[in-house]
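Scroll down for the structure; my scribbles are underneath it.
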Amino acid sequence: MRPLEGLVVLEFCQFLAGPSAGLKLADLGARVIKIERPVKGEACRQLSIKDLFVDESSLLFHTINRNKESFAADLKNADDVALVKKLIAKADVMTHNFRSGVMEKIGLTYQDVLAINPKIVYGMVTGYGTKGPWARKPGQDLLVQSLSGLAWLSGKKSQAPVPFGLSVADIMCGNHLVQGVLAALLKRAKTGKGVLVEVSLLESVLDVQFEAITSYLNDGGQIPERGDVNGSAHAFLSAPYGVYQTQNGYLALAMGNLLYIGQLLDLDFSAYADSKTWFSHRDEIRQLIAQKLRGQDTAHWLNLLGSKGVWCGEVLDYETLDKFDFGMQMKQTLDLPGHSLVTTRCPIQLDGEILTSKKSAPKVGEHNQTLAALINN
Amino acid sequence: MKPLQDYLVVDFSQFLSGPSASLRLADLGARVIKIEKPGTGDICRTLYTSDLIMNGESSVFHTINRNKESFAIDFKQPEELAKLKKLLAKADVVLHNFRPGVMERVGLSYEDVKAINPQVVYGEISGFGANGTLKAMPGQDLLLQSLTALTWLNGNDGDGPVPMGLSIVDMLAGAHLAQGILAALYRKVMHQTGALVQVSMLESAFDFQFETITTFYNDGGELPQRSKSNNANAYLGAPYGIYETKNGYLALAMGEIPVLANLLACDALQAYPENRFELRNEIKEVLAKHLKTQDTAYWLNILEPADIWCSDVLNYEQLFAQEGFKVLDFVQEVQMQDGYRYKTTRCPIKIDGESFIADKGSPKLGQDNEKIIKEFID
């Protein structure tokens, strides 16, 4: 049985951070019910990439909200709020990412909810925490990346800041919310009392930088400096760490003994006998390696280096990956009449089983009727 | 009360992925004992970045392994293994990130541990799971980023692959392992059953890209196309990106182009009343040229009051000086057994209003042997 079977989660969250947490909880076995405004539903239903829509909601929404149910309620309407409160009374967990003040107005703050359900686990997602001058700033991924220092870790020194090309703050924050909610459920199991869980996009993206920030805090405040050769991969790591162009593609080289790699590549690295130079002269060294690697194709180098235990690998794209099903059974097809919606599955395996679910994202209010039974039960 | 108070975690993992999971469990209240090889210990102890050595060991090790104990034991020796098993019999969680086959060979597979501890939650992280063709490859972060196509999402068109500048796949795998373990512990509390929790860096890297991979599956297999300049997301139109200003940089997440044209007093932008995705290179070029003409603060003062989602782009020095950062109290100081003190970050999760601060620094190799032997083995 899935570990969270029997648990009911009410999701008041929108967009990515909170809903990605709801998705993980659903895949781990919880019954996740989105509380959405009638008709239009959650805002992400209209947020598309490449204008891809399935069944009136964006493909993006379908990706993040499969395996959930939907209860449509107008939180500005007293009757609807009364119904929602009845649902809350039956729930184990609720999550929201409203700006501060919204739940106060509706009357569903943690304190309010405790009065209805003293054993609720209440998860809150904010952009920047609940205090200070940033508490009211829009909690948007690119802005949080930009404020947190993260944009200075990728790319080259001579380039402008390079953000991560996907919503890393949202996704990590969703991961942390899952951890917090699960830990809270363990606490509740001991105390029998409700638990408040708080995460923020900013703290989550700072946590991702825990190594870099700890270095900064202990090396006299040196700002990370990116290497300045194409394929620079890590501001703190020595040569050869990085990505290199070959005759027909790209090769990634992770950390390794530079002198040994030099021998294998027939490069004279005698000037770099002192391993300290592998960091201080990393650009110069990486240029020498780059020159060499351009001369042959990727397979040649993989064969030469890989067979000698050097940590190296090919740089692939989605097309080459798809040819071997992304290296494993990552795909699942959702149950959605008239559509063939293929997406990824949960990355966690339990008791030797992969966790799949064919249940597609709900229509707005699709489960109002069935949930009426839960409410009146 | 911390949520994992009274839980015992025995951690065989090294480097970043597994240890980042056990750090989270430690911060949430669990007692975490690192099992290390006598003499050398976790290889991460000597994995230096920026050549930064703190109290004889790497900054990376100190970051990931604070709030833990260390038990140095050579469990390849049968008599030592027997001792270790006494500790494992008491553990709620056992975790490792050895390559497939290693724990089986030493007699500490899930089945082996389950035989002495039927309700154990046993977590493992591998590079590639049980996949036949890949499983012999090293599960290293940059190699996983490269293999899973993550490198084609960052940087600009024409930059070639651009890796994310930290060990993101390790951290994702660690985060997922912590989730799986916590979920399994909940099931253990409710149903008194153990569990095997498995995570691979490969699956974690794909999960990270669930939006873009799902798009690829459903758009006829088009590859992500980064914009020519100022790229921040290959799938989003202008203005989404970071732009140079006269004295720094400005991040711009959204905004109707005609609205931006008026706010920024940029006539050239007026030529784009319709913000079509295919026009993003042109629009970004116009914006980039215009935004260079004034300071960051000048633009922020115009855009923020108009509710345009934008921000400054900070480095650590600038960030640490901000009131918005200071109020988080995100930095804590910890102390090692020998008195060495260092600063690091704290757990990003708050529970019942409590930030999980713990002043225990990283352990010296084997520093807790005596105590652990006395408590669990003698």
- Does B:K284 satisfy the criteria of being open to solvent by 30 Å² or more (accessible area, probe 1.4 Å), more than 7 Å from chain A (Cβ to nearest Cβ) and charged (D, E, K, R)? no
- Query: Taking the stretch A:120-139 as the search range and keeping residues that are in contact with a helix residue (DSSP H, G or I) (Cβ under 6 Å, 6 or more places away or on another chain) and open to solvent by 30 Å² or more (accessible area, probe 1.4 Å), which one is nearest to the other protein chains (Cβ to nearest Cβ)?
  - Reply: A:G132
- Could you list, in sequence order, the residues of the stretch A:140-160 that are at the interface with chain B (Cβ under 7 Å from one of its Cβ atoms), under 18 Å from B:L150 (Cβ atoms) and in a loop (DSSP other than H, G, I, E, B)? A:L153, A:S154, A:G155
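Confirm whether A:S48 is hydroxyl-bearing (S, T, Y), at the interface with chain B (Cβ under 10 Å from one of its Cβ atoms) and either under 17 Å from the mean Cα position of the chain (by Cα) or crowded, with 24+ Cβ neighbours inside 10 Å (or both).
Answer is no for this residue.
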- Message: Among the residues of the stretch A:258-273, are any in a loop (DSSP other than H, G, I, E, B) and within 12 Å of chain B (Cβ to nearest Cβ)?
- Response: no
- Just one of (1) farther than 30 Å from B:G241 by Cα; (2) more than 23 Å from the chain's Cα centre (by Cα); (3) open to solvent by 20 Å² or more (accessible area, probe 1.4 Å); (4) more than 8 Å from chain A (Cβ to nearest Cβ) trips up B:K135, so point out which. (2)
- Out of all the residues in the stretch A:217-237, is one or more more than 9 Å from chain B (Cβ to nearest Cβ), small (G, A, S) and surrounded by 15 or more Cβ atoms within 10 Å (Cβ to Cβ)? yes
- Message: For the stretch A:306-357, which positions are facing chain B (nearest Cβ under 9 Å), within 30 Å of A:Y260 (Cβ to Cβ), open to solvent by 60 Å² or more (accessible area, probe 1.4 Å) and in a loop (DSSP other than H, G, I, E, B)?
- Response: A:W311
- Task: Give the residues of the stretch B:146-167 that are more than 7 Å from chain A (Cβ to nearest Cβ) and under 13 Å from the mean Cα position of the chain (by Cα), sorted by residue number.
- Result: B:S167
- Item | Of residues in the stretch B:28-42 being assigned to a strand (DSSP E or B) and open to solvent by less than 50 Å² (accessible area, probe 1.4 Å), the one nearest to the other protein chains (Cβ to nearest Cβ) | B:V32
- Among the residues of the stretch B:335-352 satisfying the criterion of being part of a loop (DSSP other than H, G, I, E, B) and open to solvent by 50 Å² or more (accessible area, probe 1.4 Å), which is farthest from A:L202 (Cα to Cα)? B:D338
- Query: When you go through A:G129, A:G165, A:G139, A:G155 one by one, which is the residue that is among the small types (G, A, S) and without any contact (Cβ under 8 Å) to a residue 60 or more places away in the chain?
  - Reply: A:G165
- Query: If B:G129 satisfies every condition in (1) open to solvent by 20 Å² or more (accessible area, probe 1.4 Å); (2) farther than 20 Å from A:V315 by Cβ; (3) in a loop (DSSP other than H, G, I, E, B) but one, which is the exception?
  - Reply: (1)
- Mind counting the residues in the stretch B:145-194 that are buried (at least 24 other Cβ atoms within 10 Å of the Cβ), part of a loop (DSSP other than H, G, I, E, B) and among the polar types (S, T, N, Q)? 3
- So which residues in the stretch A:176-211 are within 7 Å of chain B (Cβ to nearest Cβ), open to solvent by less than 10 Å² (accessible area, probe 1.4 Å), assigned to a helix (DSSP H, G or I) and more than 19 Å from B:D329 (Cβ to Cβ)? A:V178, A:Q179, A:L182, A:A183, A:A184, A:L185, A:L186
- Message: Can you pull out every residue in the stretch B:43-77 that is farther than 17 Å from A:I213 by Cβ, aromatic (F, W, Y) and in contact (Cβ under 8 Å) with a residue 60 or more places away in the chain?
- Response: B:F71
- Item | Filter result (farther than 12 Å from B:P363 by Cα and within 7 Å of chain A (Cβ to nearest Cβ)) within the stretch B:43-67 | B:T49, B:S50, B:D51, B:L52, B:M54, B:S59, B:V60
- Conditions (1) within 23 Å of B:D329 (Cβ to Cβ); (2) not assigned by TED's automatic domain parsing to the domain that holds A:L60; number of the one not met by A:W134: (2)
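If we only count helices (runs of 4 or more DSSP H) wholly inside the stretch B:215-328, which ones have 1 or more residues that are of a type in the set (D, E, K, R)?
Working: elements: B:257-263, B:280-291, B:296-303, B:316-320, B:323-326.
Ranges flagged: B:280-291, B:316-320, B:323-326.
The values are calculated or read from the model by the stated rules, or taken from the named source; none is laboratory data. Fair warning: this is a prediction, and the values are worked out from it, not measured in the lab. Every residue, glycine among them, receives a Cβ derived from its backbone with ideal geometry; neighbour counts consider all protein chains shown. Surface accessibility is based on the protein's heavy atoms, side chains included, excluding ligands, DNA and RNA. Shrake-Rupley method; radii C 1.70, N 1.55, O 1.52, S 1.80 Å.
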